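Handing you this structure, nothing more for now.
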Ligand SMILES: [Zn+2]
């Protein structure tokens, strides 16, 4: 049955694409934003969705291709997400093999669809994925978690502005202005995190999975992940003992676990060394759904900053 349904959706998608390319001779395809109907944007997962919403404002309607509650690493796109790509004026995503299904859908998108791999933005320099444990790093063994560094989030903003402006040229002024606003907000966040993470007695963050490499790198910290780059990697008891020993050596007094991952491994390590546990969010899920309705990228990053400031005993 699912085979038949997939075929039907693909045929429908192909018809839509054919319909779109049929309009290729029109003067301004995809300029819906100024005509009243919002520009349709498909964003690969939450941090990209947040950027698209901030830059797009009321001119866009953003859908996330990663269904709520589904782990974004290596997501399998469902029929609804494939339809969203087919219907999108612009598709924004992170490439390099972060979500291969998204990249396949992007490759199949019609000529009328603007697509942007935000990892190609100027200023993005990928770090090596944490050694050993990770089973799903990017191509070339790189770490995908760029969104946890506000400086790298800001580096992606111009590409979001460009993509939306290409899809909706009449809205370009609005995208540029909102792009400047979100850049300022990200710069302010970076400044605040910088001061919160200064003069820390402990400089090692023990985390549930290796999501915090870019954040650690930005603010002079080191991460000690309990699992690898992917949350699916489960460490052995011997590995947990090694992590606990390294954490103890680094003077760790708080072991962090992630909002959406079970805290048991963090609790095991923490009890081994007499540390507390606290929460961090890797922002791989929409915090409005996973944490609370008023939460977004900025509020959760600020909360992460407060918890790190306290857990690492910073100035
Ligand atoms: Zn991750």
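Read-outs: derived from the displayed coordinates by stated rules, not from any lab. Since we're looking at a predicted model, the values are computed, not measured. Using ideal geometry, Cβ is built from the backbone for each residue, glycine included, and neighbour counts are taken over all protein chains shown.
Of the residues 146, 206, only one is in contact with a helix residue (DSSP H, G or I) (Cβ under 7 Å, 6 or more places away or on another chain) and closer than 30 Å to residue 38 by Cα; which?
Residue meeting the stated conditions: 146.
What are the residues in the stretch 76-104 that are in contact (Cβ under 8 Å) with a residue 60 or more places away in the chain and in a loop (DSSP other than H, G, I, E, B), if any?
Of everything in the stretch 76-104, just one residue is in contact (Cβ under 8 Å) with a residue 60 or more places away in the chain and in a loop (DSSP other than H, G, I, E, B), namely 89.
Of all residues in the stretch 160-181, which are surrounded by 15 or more Cβ atoms within 10 Å (Cβ to Cβ) and under 20 Å from the mean Cα position of the chain (by Cα)?
160, 161, 162, 163, 164, 178, 179
Next up: Return yes when residue 181 is part of a loop (DSSP other than H, G, I, E, B) and either touching a helix residue (DSSP H, G or I) at 6+ places or on another chain (Cβ under 8 Å) or more than 14 Å from residue 130 (Cα to Cα) (or both) and no when it is not.
no
Give the residues of the stretch 264-288 that are surrounded by fewer than 17 Cβ atoms within 10 Å (Cβ to Cβ) and out of contact with any helix residue (DSSP H, G or I) (no Cβ under 8 Å at 6 or more places or on another chain), sorted by residue number.
264, 267, 271, 274, 288
Checking residue 234 against (1) within 16 Å of the ligand (Cβ to nearest atom); (2) in a loop (DSSP other than H, G, I, E, B); (3) in contact (Cβ under 8 Å) with a residue 60 or more places away in the chain, only one condition comes out false. Which one?
For residue 234, the exception is condition (3).
Now for a separate question. Quick check on the stretch 190-200. Is at least one of its residues outside any helix (DSSP H, G or I), within 25 Å of residue 313 (Cβ to Cβ) and within 16 Å of the ligand (Cβ to nearest atom)?
no
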